[in-house]
2 protein chains.
Amino acid sequence: MTTQQRRTRRRGARGASGAEKPAGSPASPYIERKLPFYSPLAEEDLVKLEAQVDWLLENIGIEYRDDPEALEIWKRAGVDVQGTRVKADAQLIRALCAKAPRKFTQLARNPARSVEIGGTSQVFAPVYGAPFVRDLEGGRRYGDLESFEKLVKLTYMLPSLHHGGFVTTEPCDIPVSKRHLDMLFIHMTASDKPHLGAITEMSRAEDSLDMAEIVFGREVMDENCVIMGNVNTNSPLLVDKVASEAIRAYCGRGQGVIVVPFILSGAMGPVSTAASIAQALAEAMSCCAFAQLVRPGAPFVLGNFLSSMSLKSGAPTFGMPEPVLSNYVVGQMARRLGLPLRCGGSLTASKTADAQAAYESADSMHSTMMAGANFVLHSAGWLEGGLATGFEKLVMDADRLGSYQKLLNGLDVSDNAMARDAYAEVEPGGHFLGCGNTMANYKTAFYESALSDSENVEQWEEHGSKDMERRAYERWNAMLDSYQAPPMEQSKRDELKAYVDRRKSDLPDAWY
Amino acid sequence: MTTQQRRTRRRGARGASGAEKPAGSPASPYIERKLPFYSPLAEEDLVKLEAQVDWLLENIGIEYRDDPEALEIWKRAGVDVQGTRVKADAQLIRALCAKAPRKFTQLARNPARSVEIGGTSQVFAPVYGAPFVRDLEGGRRYGDLESFEKLVKLTYMLPSLHHGGFVTTEPCDIPVSKRHLDMLFIHMTASDKPHLGAITEMSRAEDSLDMAEIVFGREVMDENCVIMGNVNTNSPLLVDKVASEAIRAYCGRGQGVIVVPFILSGAMGPVSTAASIAQALAEAMSCCAFAQLVRPGAPFVLGNFLSSMSLKSGAPTFGMPEPVLSNYVVGQMARRLGLPLRCGGSLTASKTADAQAAYESADSMHSTMMAGANFVLHSAGWLEGGLATGFEKLVMDADRLGSYQKLLNGLDVSDNAMARDAYAEVEPGGHFLGCGNTMANYKTAFYESALSDSENVEQWEEHGSKDMERRAYERWNAMLDSYQAPPMEQSKRDELKAYVDRRKSDLPDAWY
C-alpha cells in the first residue's frame, strides 16, 4: 500500500464514521478493498498490449468528428491533426494521462455518502440507459418517469449501491429535450447519493452542471467533483461530438468524466479479445489526454465495456469468458496507467431474472469486483443486454453486491479470529455452537443475505415455494412502501424546481 | 512454470490429441490452466495460518477412533498416541505430506479421458451423495437407480465434466449393502470417464478396488491410480473408522484418496473463516500423513469444504462471501504445501434451479476455478445444500464450466490476436464484421453456450418465452435420447457382471 492509499483510506474511514446507515447491511459509502489485486498478465504480455495501444495512437490515430473546437485543442497542444484524424505521440498521451488524479472524491449532497473513486476503493451504481422496464407482475413495458422515480428510490435505499448512476430507465413519457431535467431533479431530491449528469447534448450537460451548482454552491463546485458525465466513444477509434462536448462541458467546470469504449468484439473492434482491449485503451486514453488538455487534473475514469458475440446470430452475449477475462486484464492495465477504472457490471442477455441472468451477472460481476473496478455502472438491474431494467433484478443483484463487499474485506487473521480459546472448550468430535468464541463473534461472522433462502424444503414449501424472483418482487414493493425521502433544505429544493420549470418552458418538446 | 509442469503439460497435450470428442464444446480430458494463480494472503498472514495448523496438530491433536490398526500405524511411526488422540510433531506431518505426489494421473478406461490431478490441471466432476433428485416435470423425489444411470450417462456426454464422480444420486431403491455394486457397474459400462469408488465400509471399498482391477488388470493397477475414494473427516479434529479404513484400503493398493473436512463454521469449526480453514488443513494434512505411512507416495488430494450459516436459522448457506474467500485462501495454502486440492463446487441452498441457485453456484464455482482447485466434486447438479441432484442444474452448471475452461486458457496475445492487419481494412467508425481477420478467426473467438439465450425479446417470445430451466429440461432429455454407450470388450463386461451378481447373492439386503 502506498502512503497515498493509506492516507485516502483514513479519509475514507472518517467519512464512513459520520454516515447514516440505511436499512440493511453492510452499509458504507463505498468499498475500501483490502484483498490484493489479481494480475493475470505476465510482464511481457502487458508490454505487448501496451505497444499495441501506442501503435494505434500513433499509426492509426483517433478521429474527432463534428467538433472543430476539439481539433483546435489538439492542435494547440502541438499534435499532428490531419483533417479530423488525431495522431499523437504515445508518450504525449501517456504524459497527459498522468496529469489525471489517481483517485478523487465525488461529493454527495449528504457528505456521509461521498465516494472515493480510484486506488483500492470500489463504487457500485445501477443500470444506465435501458428504454424498457420489467417486473414480475407488470411485465415488460417502456420506462416512464414513475418507474424512473421508483428505481432512484430503491437505489437510494439499497446499501450496497453507493452511487445513483443516472438513467436507471429512460422516462419515455417525457420529451427527450426535457427528461434530463426531471431525472436530475429526482436524483437530487429523492436520494442523497452521488449521481451522474446528462451528456446527450452540450446544453443538457450544462443544465446538469447548473443544477449541481444549485445543490453544492459555486465555491464547493470550483474545488470539488460533485457530478460526472458518462460517455461512450464511437468505436472503432472515433470520438464523436457527443463525447468531446461532454468532456469539454464537464471537465471545463472541473467536474469528472467517464469515457467508455463499448466494443462488441468482431464488430466495433477486432474479433480477438486482446486486440479489442488494446483498442479500447487507445480510445479511452486519447479521451483522457483530451480531458487533461481541457483542464489539467480533471477527474477522469477510464472506461471499458467489452462484449462477446453469438456465432448463431451475431447478437451480443454477456457473462461469457472473453469479457470476464477482459475485466481481469483491464484491471491490471488501468492500475499500471494509474487511472481509475470503470468496467463490467452485472450483465446478461437474459430477458428475465432467471438462472441465465444470475449465472451471467455473477460471473461478470465477480470478475469486475475482483479486478478492482473503481466505478461500476450496471452493477444492478441490467437485463436483456441493457435494453430493460428489471425491478427484481435490481434488488437481487444488490443483494449479491453486499456479499462482494464482505469478500473484499479479506481474511481476518487476528488472534480473535484464530479462536484458540474455543479448542479449550470444544473436544474433537464436539461442536462449537455454544462456545464462548462463537457467542462473542457469530453476529458479525457471516454476510446475511436478504434474498437467499436457506430453509429446508419443507419450510420453503410451507412458505409458498417462492423462488428468488418472487421474493425479490415482494422485497422491492415492501421497500417502496417504507421509503422516506432524505432531508433537504426547502429553499434549495425550490430553487431546483424553479430551474426545471424555467428550462422546461424555454425548451421545445422534442423526441430526439 | 516448473520443468515438471512443462513436462506434464506436454503429456497432457498428447493425451488430448487422441481423445474422441464428445458432442458439444470445448472437449478436452481436463483443463490445463494457463491463467496464473491468485494469492490473496500476504506472507505474514500465510505464516500465521500455518502456525495455527501446526499448533492444532501438536497441541490439540487429531482423534483416530474405532480403528486400532490406524493407531498402530501412527505408533509404528514413533508418534505420540494417547488413547485415541494423535499428537504428532508438525514437522513430521509436513515431511510425510511431502511424500505425496504434487501431481498424478488417474487413468480412465478410455486412455483419452485419463485426468491429471495437481499442478496447473483442473478436473470437474458432478454432485455426489444427494438422496433426492429434482427435475422440472418430475419434481422432487428420492433418487433411484434409474435416475442414477441417467445422471451417469449425462455426465459422460457433457464435455465440460471430466470425471464421473460416484454417487451422482443415492439409488435409494437398492439396499445400501448392494447399491455400490450397481453404481460401480454403471460407471464402468455406461461411461468411459474416470470415477470414484465406495467408501462407506471397508468391504465396499474392496469391492470397488476389485472391480477396478477387472477393468484395468492387476499390473496396470499396481503401477497407476485407476480409482479413488472420497471421504470426509468427522470435524472437529476427528477421523473416524470410515475415513481411516478407506485410506488404508485405497492407498494400501496404490490408489488415491481425497480427504475432505466438511466444516460449517460455528458448528464443526470455530465461527471464524480463518480458524475453520486452519482446522480443515490440520485434519486433511494429518490424513495425508497417515496415507503416506500406509503407502509412501500414495496419491492424495487435500480436500476442503467450508460452509457459512444463516443467523436466522443456523442452516448452512452456500455461495456466500466467507466460503468464496476460503476457496481463494485454500488454493494458495495447498500450492505452498505442494498437494493437489479439492475445494468448492457449484453450491447453493436453493431448492430449485432459479436465480438464487445460479448466483450462489456461480460465485462459488468462479472462486473455485480461479483458486486453481485441481479436483472439483459437486461442480454440476447440486441443489438444496447437497440434498438433491437437479437434472436441469446439472446441464446448466456444465454449460458454465465450459466457459471457465475457455477463461482458464488465458489471453491470446499472439500477433494474429493483435489483428493489426484488420486496421488496414477498417476505418475509424467502420466495422470489423466482414474483415479478413474476423473471417479467419471468428469460429474460435467465442465460447458458444448451449443454454444461454441471446435472442432479442421478440424472437425469444416467439420461441415460447422459455427460461433457462425450461431450455435445460429440453436439453437433457434430448441428450439422453441420443446417448450411445462407449465401446467395451464383452468379456470384461461379463466379468464385471458376474462379480456384481456373485457379491449381490453373497450379501444380505441391508438398509444401513
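For chain A, just say rounded, prolate or oblate: build the C-alpha gyration tensor, square-root its eigenvalues into a ≥ b ≥ c, call rounded for a/c under 1.5, and beyond that prolate if a/b exceeds b/c, oblate if not.
It comes out prolate by the Cα gyration axes.
If you count, for every residue in A:417-427, the Cβ atoms of partner chains within 10 Å of its Cβ, what is the mean?
Mean partner-chain Cβ count within 10 Å for A:417-427: 6.
Quick one: putting +1 on the C-beta of Lys and Arg, -1 on the C-beta of Asp and Glu, what dipole do you get for segment A:24-148 around its Cα centre, in Debye to the nearest 20?
The dipole of segment A:24-148 has a size of about 420 debye.
On alpha-carbon atoms, Rg over Rh for segment B:162-264 using Kirkwood Rh?
Value, to two decimals: 0.96.
Segment A:31-112: D in µm²/s via Stokes-Einstein (Kirkwood Rh, Cα pairs, 20 °C, 1.002 mPa s)?
134 µm²/s
For chain A, find the longest principal axis of its Cα atoms and tell me its angle to the long axis of helix A:355-370, 0 to 90°, nearest 10.
Computed tilt is about 70 degrees.
Nearest 5 percent is fine: what portion of the DSSP beta bridges confined to the protein assembly as shown is antiparallel?
Expressed as a percentage, antiparallel bridges in the protein assembly as shown total about 45.
With unit charges on the beta carbon (Lys/Arg positive, Asp/Glu negative), name the residue among B:L196, A:F262, B:N59 whose Cα is farthest towards the positive pole of the charge dipole of the protein assembly as shown.
Value computed over the given set: B:N59.
Starting from the Cα of A:N477, step 7 Å along the direction of its Cβ; do the same at A:L92; then give the gap between the two resulting points in nm.
6.1 nm
In whole Å, what are the extents of segment A:248-337 along the principal axes defined by its C-alpha atoms, from largest to smallest?
47, 25, 18
Using a basic spin-label model with each label point 7 Å from the Cα along Cα→Cβ, how many nm lie between B:E427 and A:S414?
My value for the distance between the label points is 6.4 nm.
Taking a ≥ b ≥ c as the square roots of the eigenvalues of the Cα gyration tensor of segment A:84-147, is the shape rounded (a/c under 1.5), prolate (a/b larger than b/c) or oblate?
oblate
Give the residue from A:G139, A:A100, A:L154 lying farthest towards the positive end of the charge dipole for segment A:43-200; charges sit on Cβ (+1 for Lys and Arg, -1 for Asp and Glu) and the dipole is referred to the Cα centre.
A:L154
What trypsin sites (Lys or Arg not before Pro) in segment B:306-403 are in a loop by DSSP, with at most 16 other Cβ atoms within 10 Å of the Cβ?
B:K312
Taking a ≥ b ≥ c as the square roots of the eigenvalues of the Cα gyration tensor of segment B:369-512, is the shape rounded (a/c under 1.5), prolate (a/b larger than b/c) or oblate?
Taking the square roots of the gyration eigenvalues as a ≥ b ≥ c, segment B:369-512 is prolate.
Rank by packing, highest mean first: peptides B:280-292, B:352-364, B:95-107, with packing defined as the count of other Cβ atoms within 10 Å averaged across residues.
Answer by packing, highest mean first, reads B:352-364, B:280-292, B:95-107.
Is there a pair in A:K393/A:K492; B:K193/B:K492; A:K406/B:K103; A:K150/A:K241; A:K393/A:K443; B:K153/B:K492 whose C-alpha atoms are over 24 Å apart, and which pairs would that be?
Violating the 24 Å limit, Cα to Cα: A:K393/A:K492; A:K406/B:K103; A:K150/A:K241; A:K393/A:K443.
Sort B:224-232, A:318-326 by packing, meaning the average of other beta carbons within 10 Å per residue, with the highest value first.
Sorting B:224-232, A:318-326 by mean packing, highest first, produces A:318-326, B:224-232.
Per residue of A:38-51, what is the mean number of Cβ atoms on other protein chains within 10 angstrom of that residue's Cβ?
3
About the Cα centre of chain B, how large is the charge dipole given +1 on each Lys and Arg Cβ and -1 on each Asp and Glu Cβ? Please answer in debye to the nearest 20.
Value, rounded to 20: 1400 debye.
Would you tell me the mean number of C-beta atoms belonging to other protein chains that fall within 10 Å of each C-beta in A:393-403, as a whole number?
2
Could you work out the relative contact order of chain B? I mean the mean sequence separation of Cα pairs under 8 Å and 6+ apart, divided by the number of residues, in percent.
19 percent
If you look at just the Cα atoms of segment B:190-250, how large are its Rg and its Dmax in Å?
Rg, Dmax (Cα atoms, Å): 12.6, 39.
Ranked from highest to lowest mean number of other Cβ atoms within 10 Å per residue, what is the order of the peptides B:410-422, A:178-190?
A:178-190, B:410-422
How big is the dipole moment of the protein assembly as shown about its Cα centre under a simple scheme where the beta carbon of each Lys and Arg is +1, that of each Asp and Glu is -1, and everything else is neutral? Debye, nearest 20, please.
Computed about the Cα centre, the dipole is about 2360 debye.
Looking at A:L383, A:A289, A:Y359, which one has the Cα that reaches farthest to the positive end of the dipole of chain A (charges on Cβ: Lys, Arg +1; Asp, Glu -1)?
Toward the positive end, the furthest listed residue is A:A289.
Which percent of Cα pairs goes in each bin when the distances of the protein assembly as shown are cut into 20 angstrom slices starting at zero?
13, 44, 32, 10, 1
Among the DSSP beta bridges whose two residues both lie in chain B, what percent are antiparallel, rounded to the nearest 5?
Restricted to chain B, the bridges split so that about 45 percent are antiparallel.
The numbers here are math on the coordinates, done by the rules we state, and not lab data. Just so we're clear, the structure is a prediction, and the values are computed from it rather than from any experiment. All Cβ positions, glycine included, derive from the backbone under ideal geometry; neighbour counts span all protein chains shown.
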